[in-house]
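First the structure, in the form of structure tokens, and then the observations on it.
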Amino acid sequence: MIKYLKEGKAKEDIALNDEQVSRIVSETIKEIEQNGDKAVRELSEKFDKWSPESFKLTEAQIQESIARLSGDIIHDIQFAQNNVRRFAEEQRKSMVDIEVETLPGVILGHKNIPVNSVGCYIPGGRYPMLASAQMSVLTAKVAGVERVIACTPPINGIIPDTTVAAMHFAGADEIYILGGIQAMTAMAIGTETIQAVDMIVGPGNAFVAETKRQLFGRVGIDLFAGPTETLIIADETSDAEIVATDVLGQLEHGPTSPGAIITTSQKLAEETLVEIERQIKLLPTGEVAKAAWEDYGTLIVVDTIEEALEEADKLAYEHVQVMTEDPDYFLHNLKNYGALFLGPETNVAYGDKVIGTNHTLPTKGAARYTGGLWVGKFLKTCTYQKVTEKASAYIGEYAARLCQLENLAGHAEQALIRVRRYGSK
């Protein structure tokens, strides 16, 4: 039996807010299309109070940002980037080009070709999300992308030194201090001073996510990444303090970040509700987390682990943290998730910042049909074929008949001319 102790906002209310965001984004994209750099500058002034001579940082400015950081900060950034790089390199090794002779004289294959250019968005706003630099810029570079540019907004009118350093160490070829809709659109369609890219990636707020959605098709995107989602699956062996900590630790992302708990223990559910209220009062970001929990928090009590699995697959959340007696049950059986965190020893923050897996992940149910950002997202798997004359005549007879079944005379003739040319040899 499924019992909701707490539910978040109705889907209708969320959809209404999405419509408002969509309208604003559509109007802003049109403005940038028509006015280019002028519109970008006006939007940057309006939203970020930022209008430098050039949004693109010079090499000297980048080095000045790095020089302002302590050695410890640089060491920590590079530690995280080394972990991300190692895992990305192993993922890249798993994607191999193939060539096979499927029939005598018929050679088929595929090549994994990097996208030519990518624009990466590194969120700023409430929090300087420097970790997104390694997740996008570094991963694209490991995939072999030739030109990788990166945008991040200023923070209170100041260049965010740590984020700039992270982008630089990750391998960004161009760095722009530019945020929001204007950054994503400028990278995607280009302006007088920003050369357009083939693909835009990276997390962001609702406006950034909607911009990617509306630009998809004109450019490639990684995935539709909305507000952070966290699901914790727990049983009677779990600790209410840890469960509450791990939910609130992600809800601080923003007031629209969904957080859910599914548990087989009524006792744990009740203790966790008390813990959430206690910790909200202590957490420096408690007001943000409180708003998210009140409007987007869900707590479900189920009778069995099997029911927990079923409900988790329905939610298809971005992050799923499992704190049960047998976490591997979910590793082997759960199908819809962005990233899985098994056991109380790990947590979503590890994946967000340092452990090596990518933190740009599917939200809003997209985990039903896609995984998160990884080197494979930056590669096009393109097929090719080579055929001998004898094989061409053989295949051509089948191809012609199949084309004729579809009334495609021109297609059939492509096959038949080769039957006539090569069949007599």
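The values are calculated or read from the model by the stated rules, or taken from the named source; none is laboratory data. The structure presented is a predicted model; accordingly, all values stated were derived computationally and were not measured. So basically every Cβ, Gly included, is an ideal-geometry build from the backbone, and we count neighbours across all protein chains shown. Keep in mind that these areas ignore ligands, DNA and RNA; they rest on the heavy atoms of the full protein, side chains included. Shrake-Rupley method; radii C 1.70, N 1.55, O 1.52, S 1.80 Å.
Note down all Cβ pairs under 8 Å where the first residue falls in region 89-113 and is under 17 Å from ALA140 (Cβ atoms), the second is among the charged types (D, E, K, R), and they're at least six residues apart or on different chains.
ASN112/ASP97; ASN112/LYS380; ILE113/LYS380
Any residue at all in region 100-118 that is under 19 Å from the mean Cα position of the chain (by Cα), open to solvent by less than 60 Å² (accessible area, probe 1.4 Å) and within 21 Å of PHE207 (Cβ to Cβ)?
Yes, the conditions are met somewhere in region 100-118.
Since LYS56 meets every condition but one in (1) touching a strand residue (DSSP E or B) at 6+ places or on another chain (Cβ under 9 Å); (2) crowded, with 17+ Cβ neighbours inside 10 Å; (3) of a type in the set (Lys, Arg); (4) farther than 18 Å from THR381 by Cα, which condition does it not meet?
LYS56 satisfies all of (1) touching a strand residue (DSSP E or B) at 6+ places or on another chain (Cβ under 9 Å); (2) crowded, with 17+ Cβ neighbours inside 10 Å; (3) of a type in the set (Lys, Arg); (4) farther than 18 Å from THR381 by Cα except (2).
Is at least one residue of region 79-95 of a type in the set (Phe, Trp, Tyr), closer than 30 Å to TYR384 by Cβ and either modelled with pLDDT under 95 or not in a loop (DSSP other than H, G, I, E, B) (or both)?
So far as region 79-95 goes, yes, one or more of its residues are of a type in the set (Phe, Trp, Tyr), closer than 30 Å to TYR384 by Cβ and either modelled with pLDDT under 95 or not in a loop (DSSP other than H, G, I, E, B) (or both).
Applying the selection to region 356-383, what residues are open to solvent by 10 Å² or more (accessible area, probe 1.4 Å) and among the hydroxyl-bearing types (Ser, Thr, Tyr)?
THR357, TYR369, THR370, THR381, THR383, listed by residue number.
Among the residues of region 161-175, write down those that are within 18 Å of GLY125 (Cβ to Cβ) and open to solvent by 10 Å² or more (accessible area, probe 1.4 Å).
ASP161, THR162 - these are the residues of region 161-175 that are within 18 Å of GLY125 (Cβ to Cβ) and open to solvent by 10 Å² or more (accessible area, probe 1.4 Å).
Check whether at least one residue in region 342-353 is over 26 Å from ALA209 (Cβ atoms), part of a helix (DSSP H, G or I), of a type outside the set (Asp, Glu) and modelled with pLDDT of 95 or more, and report yes or no.
no
Would you mind listing the helices (runs of 4 or more DSSP H) fully within region 250-319 where at least 3 residues are within 27 Å of HIS332 (Cα to Cα) and of a type in the set (Gly, Ala, Ser)?
none
Go through the residues of region 226-249 one by one and say whether even a single one is part of a loop (DSSP other than H, G, I, E, B), of a type outside the set (Ser, Thr, Tyr), more than 18 Å from ASP295 (Cβ to Cβ) and under 15 Å from the mean Cα position of the chain (by Cα).
no
Going by the conditions given, is LYS49 at positive phi and either in contact (Cβ under 8 Å) with a residue 60 or more places away in the chain or surrounded by fewer than 12 Cβ atoms within 10 Å (Cβ to Cβ) (or both)?
Yes; evaluated as a whole, the condition is true for this residue.
Can you find a residue that is open to solvent by 10 Å² or more (accessible area, probe 1.4 Å) and hydroxyl-bearing (Ser, Thr, Tyr) anywhere in region 196-219?
no
Among the residues of region 317-335, is there at least one that is open to solvent by 30 Å² or more (accessible area, probe 1.4 Å), modelled with pLDDT of 95 or more and within 28 Å of ALA143 (Cβ to Cβ)?
Yes; the residues of region 317-335 include at least one that is open to solvent by 30 Å² or more (accessible area, probe 1.4 Å), modelled with pLDDT of 95 or more and within 28 Å of ALA143 (Cβ to Cβ).
Please verify whether ALA186 is farther than 14 Å from CYS151 by Cα, open to solvent by less than 10 Å² (accessible area, probe 1.4 Å) and touching a residue at least 24 places away in the same chain (Cβ under 8 Å), treating the condition exactly as stated.
Answer is no for this residue.
Out of the residues in region 59-99 meeting the condition of being farther than 20 Å from SER132 by Cα and in contact with a strand residue (DSSP E or B) (Cβ under 8 Å, 6 or more places away or on another chain), tell me which one is most open to solvent (accessible area, probe 1.4 Å).
If we take residues in region 59-99 being farther than 20 Å from SER132 by Cα and in contact with a strand residue (DSSP E or B) (Cβ under 8 Å, 6 or more places away or on another chain), then GLU99 is most open to solvent (accessible area, probe 1.4 Å).
Suppose the filter is within 16 Å of VAL247 (Cα to Cα), buried (at least 19 other Cβ atoms within 10 Å of the Cβ) and out of contact with any strand residue (DSSP E or B) (no Cβ under 6 Å at 6 or more places or on another chain); does ALA292 pass it?
yes
Could you count how many residues in region 102-145 are in contact with a Lys or Arg (Cβ under 9 Å, 6 or more places away or on another chain) and assigned to a strand (DSSP E or B)?
So the count comes out to 11.
Got a sec? Which of VAL164, VAL148 is assigned to a strand (DSSP E or B), touching a helix residue (DSSP H, G or I) at 6+ places or on another chain (Cβ under 6 Å), at pLDDT 95 or above and over 30 Å from LYS314 (Cβ atoms)?
VAL148 is the lone residue from the list that is assigned to a strand (DSSP E or B), touching a helix residue (DSSP H, G or I) at 6+ places or on another chain (Cβ under 6 Å), at pLDDT 95 or above and over 30 Å from LYS314 (Cβ atoms).
Please go through region 199-225 and give me each residue that is under 15 Å from SER136 (Cβ atoms) and part of a helix (DSSP H, G or I), ordered by number.
Selection gives VAL208, ALA209, LYS212.
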